[in-house]
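Written below as structure tokens is the structure these notes are about.
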Amino acid sequence: MDFEIRKIRTAQGPVKLARERATYSRLMEQGYSNNEACRIIGINRRTGQKWRNGRSADRRQKAAPPIHMVVQPSGPSRYLREDERIHIADRLREKATVRAIATELGRSPSTISREIRRNRHPGSGAYRPHAAQARADARRPRPKPRKINDAPELRNAVQEMLDEKWSPEQICQALRARFPERPEMHVVHETVYQALYVQGRGQLRRELAGALRSGRARRKPRRQANCRQPRFTTPMVMISERPAEAEDRAVPGHWEGDLIIGKDGKSAIGTLVERATRYVMLLHLPG
């Protein structure tokens, strides 16, 4: 190896590590892991992860593209290989069905159907295996570039609607109505949310807390049960914890309440039932 390992491995500030980055790229292409490559070059493993995955632009640094590694599969893979794509093209010329091709390759029929639909030639509709392999390799690197970041016109349109306090859902519908014949101007609401929360202030120029009507600077996690906001401010008492005298209806004076919501939530009635006598009281809740 023609690269000389750095003798001083302490922090050097904003030093341009061009030679280290090039050597790191060669080591990754040779099959080294991130930890091994960083140990050989003499850099922190987090620096290697940033070089491998790329980084987004912010106020302190510019965006950096990821290092694209081409790893040849050694065995069965979840992705179709080039020889499998050649087999698909040959069998399509023989008028074989999708299910027959899937059985021969040991793949799901939906995998073969999706492969033909996504990677066929947009003009002639013919399936060419080498061109399909090139399209698949171009789509595989991560992280993907953000659509809003790569389209200034789209970014400005989204920013104008955010300044008017439009929600991301309203922005998506408005873009489709305003540009019906331009798919490059269509986004889903999650794209807008990620441009605000994931990428921070690199893509949309306004302050994050004022970009959304909710005013939230961070997303609320709702997937995990322990991160969800409770419905009640005080701990809820379960029915199983009801006292015995109220459970067997022997002693009067215990009431239980419920709520009846009308159509479209425009009306509501509260119900109070005395458990011993079954006396019912209906309470009209205006507004």
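Read the figures in this text as sums done on the coordinates, not as results from a lab. Every value quoted in this text rests on a predicted model; they were computed, and no experiment measured them. Heads up, the Cβs are rebuilt from the backbone with ideal geometry, glycines too, and the neighbour counts pull from every protein chain shown.
With just the Cα atoms of the stretch 77-153, tell me how far they stretch along each of the three principal axes, in Å, largest first.
46, 29, 19
Among Ile148, Ile260, what is the fewest-to-most ranking by other Cβ atoms within 10 Å?
Details: Ile148 22, Ile260 11.
The fewest-first ordering by Cβ neighbours comes to Ile260, Ile148.
Check the straight Cα-Cα distances from Lys144 and name the aspartates and glutamates below 18 Å, setting aside those fewer than 8 residues away within the same chain.
Asp58, Glu184, Glu190
For each of Glu29, Glu20, count neighbouring Cβ atoms within 10 Å of the residue's Cβ, then give the residues from fewest to most.
Working: Glu29 13, Glu20 21.
Sorted ascending by nearby Cβ count, the order is Glu29, Glu20.
What percent of all Cα-Cα pairs in the stretch 92-217 falls in each 10 Å bin, counting up from 0?
Calculated over all Cα pairs of the stretch 92-217, the distribution is 11, 31, 22, 20, 13, 3 percent.
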